[in-house]
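Throughout, read-outs are computed from the coordinates displayed, never taken from laboratory work. The structure presented is a predicted model; accordingly, all values stated were derived computationally and were not measured. Glycine also receives a Cβ, built like all others from the backbone with ideal geometry; neighbour counts cover every protein chain displayed.
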Amino acid sequence: MSDATNLTPAQIVVLHAEAYAQRSPFVDPAALRVVMSTHFHTEWAAAILGHPYQGWNHIANWEIVLLALALKAEPDRPTPAVVAERQERARREMEEAERARQVRYQAELDAWHVLRDRLPIKVTVGHNWTIGHWESGYVTGRDHIVAQEELRVGRLHRAVRQVLCETPSKTTSGRRNKDPLRGVDRRDDGEDRIPTCVACLRVAERIARPA
Ligand SMILES: [Zn+2]
């Protein structure tokens with residue numbers, strides 16, 4: 001069986017017989033209309049005819065009837081080889097891109113784990129869902145490094161659950177910001193995120209033990 005049609009050889013033989021029985025010195029106008037108005041691929045037509053197809057005016061009258069019968073018998077024709085090949089190539093390229101992306105991601109994750117293990121405190125990575133945090137000025141929409149223990153390195157101080165990039169700020173009313181991490185997802189969902197906040201990473205690099 002050809003890839004270009006889902007009809008079995010037996011079904012095609014039956015169609016051949018049916019069409020050949022209607023052979024005539026004249027073109028069947030109804031069949032010609034069907035063949036001319038229906039989109040089909042030459043691979044499909046060749047599989048039905050049993051020889052290459054170069055257009056309706058290159059085939060016998062009864063073969064036009066044959067194609068019309070086959071078009072009716074197989075309204076959902078398979079994608080022809082050339083299209084299938086193109087789709088296959090696109091699929092392979094996508095797979096390769098995905099593989100490359102995974103390799104890159106793994107490398108970034110490994111690098112982050114190395115840095116994390118050099119930090120003096122336990123940290124997690126939390127995503128900031130807010131669109132802005134004017135009080136503390138940390139970068140929004142990023143994955144920040146969240147202190148899970150109090151951090152004191154020289155003059156640097158971060159309370160538990162503060163992000164590294166956040167400078168302990170005061171609100172405009174002069175009081176400490178009660179929820180310095182507002183907007184950052186502080187639940188440790190166990191997801192192994194890679195911090196994307198450059199400011200957090202800069203602080204982490206500064207406080208990390210030498211490699
Ligand atoms: Zn940050």
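Multiplying the sequence separation of ALA84 and GLU150 by 0.36 nm and subtracting their Cα-Cα distance, what value in nm do you get? Mind showing how you got there, number by number?
Numbers: separation 66, 0.36 × 66 = 23.76 nm, distance 5.88 nm.
Extending this stretch completely gives an extra 17.9 nm.
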Could you give me the ³J(HN,Hα) list for the range 149-166, computed from phi with Karplus coefficients 6.51, -1.76, 1.60 and θ = phi - 60°, whole Hz, x at Gly and Pro? 9, 5, 10, 9, 10, x, 8, 7, 10, 10, 6, 4, 6, 8, 7, 5, 7, 8
Quick one: if you stick a label point 7 Å off each Cα along the C-beta vector at ARG104 and ALA17, how many nm between them? 6.0
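About the Cα centre of the range 1-75, how large is the charge dipole given +1 on each Lys and Arg Cβ and -1 on each Asp and Glu Cβ? Please answer in debye to the nearest 20.
Details: 3 positive and 6 negative charges, 38 e Å.
Approximately 180 debye in magnitude.
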With Cβ to Cβ distances under 12 Å as the rule, what net charge do the other residues near THR5 carry (K, R +1; D, E -1)? -3
Inter-centroid distance (Cα atoms) of the range 90-120 relative to the range 1-54, Å: 52
What number comes out for the charge environment of HIS16, summing +1 per Lys or Arg and -1 per Asp or Glu over other residues with Cβ under 12 Å away? -1
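Could you line up ILE48, ILE12, ILE207 from fewest to most neighbouring Cβ atoms inside 10 Å? Could you put the intermediate results ahead of the total?
Numbers: ILE48 28, ILE12 21, ILE207 17.
Ranked by crowding around the Cβ, least crowded first: ILE207, ILE12, ILE48.
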